[in-house]
Amino acid sequence: MSDPVEYEIRGGVAVLTLNNPPVNALSSSLRRGIIDAIDRAAIDRAAADPDVRAVVLSGRGRCFCGGADIREFGETPVPPSLPEVIARIEASAKPVVAALHGVAFGGGFELPLGCHYRLSAPSARVALPEVTLGLIPGAGGTQRLPRLIGAEHALGMILSGEPVDAETACKLGILDAVTDEGGLVDAAIAFALDRASEGGPYPTARGSVPTEPENGFFEGERKKIERRARGLIAPWHCIDSVENVFRLPFDEGLATERELFMECRGSEQSAAQRHIFFAEREAQKIPGIPRDTPVQFIETAAVIGCGTMGTGIAMVFAEAGIPVRILDKDSGVLDKGLQRIQQTFAGAVQKGKITEAEKDTRWAMVSGTADMDDLKDADIVIEAAFEDMAVKREIFAALDAVCKSGAILATNTSTLDVDEIAAATNRADRVIGTHFFSPANIMRLMENVRGAKTSPSTIATVMALARRLGKAGVLVGNCDGFVGNRMYHHYTRQASFLLEEGALPGQVDTAIYDFGFAMGPFAVGDVAGLDVSWRIRQRRAETRPPDERYSAIADRLCELGRFGQKTGAGWYRYDNGSRTPIADPVVEDVIRSVSEELGFQRRDIGDDEILQRCLYTLVNEGAKILDEGMALRASDIDVIWTSGYGFPKHRGGPMFYADRVGLKTVYDALCCLADIHGDLFAPAGLLEKLARQGKGFENV
Ligand code: COA
């Protein structure tokens with residue numbers, strides 16, 4: 001095995017190179033290796049290398065360092081800790097210069113913050129993304145960064161976890177200089193020798209005097225995160241720890257940061273968020289489709305349909321720098337859609353998210369057409385037309401005739417049979433479902449639906465494309481509703497049954513929101529539009545078993561023309577143009593009359609019952625999906641729900657959550673519910689089997 005830290009002396013400078021592929025994660029052996037190398041080169045004692053005047057710390061491979069080894073967080077800590085490593089660097093009598101390329105994230109950024117100087121290649125990015133894993137930076141990040149760049153910028157980075165590019169980092173004072181792309185290490189060596197010639201003491205972040213933020217700054221920050229950080233531990237600890245910079249001496253601040261970090265590290269929340277981190281990467285691995293499967297590079301794309309979905313998808317391509325042409329036969333719809341795209345990009349400029357130049361670049365990627373012939377050269381066409389099989393088949397037959405032979409034809413259907421759509425073409429191997437979620441330019445999920453004949457290279461290409469588009473791509477099987485909507489259907493249906501029995505929409509939504517979901521099911525319905533699911537229910541009516549329990553409340557609301565926010569009324573009512581849901585007596589009347597018709601004696605329903613019935617229904621359907629092979633693994637279902645349906649990441653997704661509750665508990669609860677409410681709650685075979693074996697979905 002090669003050394004985790006390479007040691008080489010170049011012109012009087014010890015160049016230490018982190019070498020732990022793929023991302024130089026700071027495993028225990030790498031941490032030990034850094035300490036040994038620093039001791040050898042620079043610690044001011046007799047054994048230190050007398051030929052060494054300075055040290056450069058760099059990384060081998062694609063990046064400087066992707067941070068602490070996240071896998072180790074589930075295990076007992078092994079010394080030396082990262083703070084010990086950094087303390088050693090900081091104490092070096094010889095100047096230590098970090099040379100950053102690619103990413104320097106988390107511990108991989110805290111390490112350079114402990115160096116005396118930092119240089120980077122232009123493409124480098126620095127970040128403290130710990131909060132996204134339910135953690136706070138635990139190796140000095142919250143103490144050193146504010147001392148370098150002030151509390152405002154530091155807390156901004158720590159709370160968002162967002163990367164900062166080299167140029168900005170240099171302006172902020174994080175970096176001392178940005179070098180040429182290719183000559184980073186040479187430049188760092190020259191820089192280190194110059195500093196050594198000038199002599200010490202060398203600057204440290206610990207020695208920088210922090211600038212006090214304005215009065216009330218921290219309270220203001222706490223206020224800002226109130227909603228999005230509800231129920232979370234880490235973001236609040238991040239603020240507390242940064243505030244300590246102005247309250248405590250450096251070493252005490254560091255010790256407190258470590259305590260807060262260890263508390264987060266041991267929390268269920270962080271375990272759940274780490275689960276999602278690895279689950280998203282695991283979802284990329286498709287059995288039978290090796291990583292070296294030939295992938296077609298998508299240079300141009302087309303989208304059919306210029307409605308909300310079509311324009312959203314087009315924006316995703318434009319943002320990724322892929323030229324995209326939108327086709328709509330209706331010139332009015334096309335013009336309106338193109339306008340909407342332009343307005344969204346302009347809005348992003350106004351919000352300071354992108355520059356005017358970036359807006360222009362994005363807009364230049366988009367073009368519209370009414371002529372199918374204009375799509376003949378596209379590498380992929382995504383159909384986002386009306387959700388109707390006949391319409392889709394007609395479009396696919398036409399596309400098959402026009403598009404070049406290698407082009408992938410994808411459908412954004414959310415429920416229809418991909419094989420039936422593919423059968424309208426002579427290239428079923430190049431037909432696939434790419435199910436985006438609304439609003440497509442914001443929601444991260446991309447459910448890729450494999451048809452019976454979809455080829456491995458089509459799957460590999462679309463999975464790679466999802467990554468390029470910044471989406472969480474998950475491959476699923478071809479069944480009604482696929483994975484996400486199939487589960488969602490059971491979840492919302494259960495929520496409606498609760499209304500029939502005694503609950504009201506606001507109560508159900510609050511219980512689900514308090515659990516951590518972005519929104520409750522009824523509030524979501526109003527945003528998405530109740531007419532969409534109404535159409536789907538009408539389509540399914542013919543095949544629905546007559547004895548199956550069915551809630552007609554939503555249909556009644558639609559019959560009253562209440563389609564949600566867009567009509568100012570749905571499950572709630574909305575004041576002119578407002579998006580704030582207001583409980584509506586009309587809805588309560590509808591609910592009460594349905595309860596009466598069904599003979600229900602309305603009763604008080606507690607939040608626990610609401611959660612159990614909604615969440616366990618999800619889990620149960622997830623188990624069936626897993627058993628049928630429609631999802632490859634339980635963790636794929638968790639990715640789908642956390643990236644597409646607002647399931648709280650700090651609960652890890654429905655399947656992880658069920659494992660943590662214990663499948664025996666879930667199974668027993670479902671059995672009790674089945675006794676009261678009938679077969680609707682009958683536990684899935686897989687759930688029963690695992691519960692009996694004392695196993696979890698993670699063992700499937
Ligand atoms: N610890 C352990 N493994 C890590 C890791 C880390 N900090 N960062 C990445 N990996 C692993 C991934 O799990 C993946 O493994 P796999 O190939 O077996 O699935 C592999 O490294 C490559 O990661 P991937 O994310 O697919 O590569 P990328 O080039 O797209 O992105 C990073 C690289 C470093 C930007 C990204 O992985 C990342 O953001 N990592 C986490 C950074 C972080 O939060 N650090 C703070 C930890 S407290």
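The values are calculated or read from the model by the stated rules, or taken from the named source; none is laboratory data. These numbers come from a predicted model, not from an experiment. Here the Cβ positions follow ideal geometry from the backbone for every residue, glycine too, while neighbour counts run over all protein chains shown. To get the accessible areas, we keep the full protein, side chains included, count just its heavy atoms, and leave off ligands, DNA and RNA. Shrake-Rupley method; radii C 1.70, N 1.55, O 1.52, S 1.80 Å.
Given the condition away from the ligand (no atom under 13 Å from the Cβ), of a type in the set (S, T, N, Q) and more than 20 Å from G253 (Cα to Cα), answer yes or no: does some residue in segment 125-135 qualify?
no
Can you name the number of the only condition in (1) open to solvent by 20 Å² or more (accessible area, probe 1.4 Å); (2) aliphatic (A, V, I, L, M); (3) away from the ligand (no atom under 16 Å from the Cβ) that M262 fails?
(3)
For the subset of segment 152-169 comprising residues that are without any contact (Cβ under 8 Å) to a residue 40 or more places away in the chain and open to solvent by less than 70 Å² (accessible area, probe 1.4 Å), which member is farthest from F261 (Cα to Cα)?
Among those that are without any contact (Cβ under 8 Å) to a residue 40 or more places away in the chain and open to solvent by less than 70 Å² (accessible area, probe 1.4 Å), it is T168.
Within segment 171-194, how many residues turn out to be part of a loop (DSSP other than H, G, I, E, B) and over 16 Å from L113 (Cβ atoms)?
Final tally of qualifying residues: 5.
Which pairs have Cβ atoms under 7 Å, sit 6 or more apart or on different chains, and link a residue in segment 182-207 that is within 25 Å of S123 (Cα to Cα) and touching a residue at least 12 places away in the same chain (Cβ under 8 Å) to one that is assigned to a helix (DSSP H, G or I) and open to solvent by less than 40 Å² (accessible area, probe 1.4 Å)?
From segment 182-207, the pairs are T204/E90; A205/L113; A205/R144; A205/R147.
Any residue at all in segment 13-28 that's on the phi > 0 side of the Ramachandran plot and in a loop (DSSP other than H, G, I, E, B)?
yes
Could you grab me the full set of residues in segment 614-660 that are in contact with a Lys or Arg (Cβ under 9 Å, 6 or more places away or on another chain) and in a loop (DSSP other than H, G, I, E, B)?
M630, L632, G652
Considering A25, A68, A91, which residue is surrounded by fewer than 22 Cβ atoms within 10 Å (Cβ to Cβ), within 14 Å of A139 (Cβ to Cβ) and touching a residue at least 12 places away in the same chain (Cβ under 8 Å)?
Checking each option against the conditions leaves just A25.
State all residues of segment 489-521 that are open to solvent by less than 40 Å² (accessible area, probe 1.4 Å), out of contact with any Gly (no Cβ under 8 Å at 6 or more places or on another chain) and under 17 Å from R573 (Cβ atoms); if no residue qualifies, say none.
Listed by number, the residues that qualify are L499, G506, G520.
Could you tell me which residue of segment 49-82 is farthest from the chain's Cα centre (by Cα), considering only residues that are over 18 Å from N24 (Cβ atoms) and within 14 Å of the ligand (Cβ to nearest atom)?
Among those residues, the one meeting the criterion is P77.
Being under 28 Å from the mean Cα position of the chain (by Cα) and in contact (Cβ under 8 Å) with a residue 40 or more places away in the chain narrows it down to one of T344, T369, so name that one.
T344
Which one of these is charged (D, E, K, R) and in a helix (DSSP H, G or I): R602, R592?
R592
Which condition does I35 not pass, out of (1) more than 16 Å from the ligand (Cβ to nearest atom); (2) open to solvent by less than 30 Å² (accessible area, probe 1.4 Å); (3) in a helix (DSSP H, G or I); (4) in contact with a strand residue (DSSP E or B) (Cβ under 8 Å, 6 or more places away or on another chain), if it passes all the others?
That leaves (4) as the condition not met.
Condition check ((1) open to solvent by less than 10 Å² (accessible area, probe 1.4 Å); (2) under 18 Å from the mean Cα position of the chain (by Cα)) across all residues:
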| residue | (1), (2) |
| --- | --- |
| A428 | no, no |
| F436 | yes, yes |
| M443 | no, yes |
| E447 | yes, yes |
| A460 | no, no |
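Within segment 297-314, track down each residue that is in a loop (DSSP other than H, G, I, E, B) and closer than 12 Å to A378 by Cα.
The answer is F297, I298, E299, T300.
Counting just the residues of segment 211-238 that are of a type in the set (K, R) and under 25 Å from G266 (Cα atoms), which one comes out surrounded by the fewest Cβ atoms within 10 Å (Cβ to Cβ)?
Ranking the qualifying residues of segment 211-238, first place goes to R227.
Suppose we filter segment 448-470 for residues that are in contact with a strand residue (DSSP E or B) (Cβ under 8 Å, 6 or more places away or on another chain) and within 13 Å of the ligand (Cβ to nearest atom); how many remain?
3
Can you confirm whether P585 is open to solvent by 20 Å² or more (accessible area, probe 1.4 Å) and either more than 21 Å from G520 (Cα to Cα) or at pLDDT 95 or above (or both)?
For P585, the condition - open to solvent by 20 Å² or more (accessible area, probe 1.4 Å) and either more than 21 Å from G520 (Cα to Cα) or at pLDDT 95 or above (or both) - is met.
Suppose we keep only residues that are aliphatic (A, V, I, L, M) and over 22 Å from F437 (Cα atoms) within segment 380-408. Which one would you say is most open to solvent (accessible area, probe 1.4 Å)?
Of everything passing the filter in segment 380-408, A401 is most open to solvent (accessible area, probe 1.4 Å).
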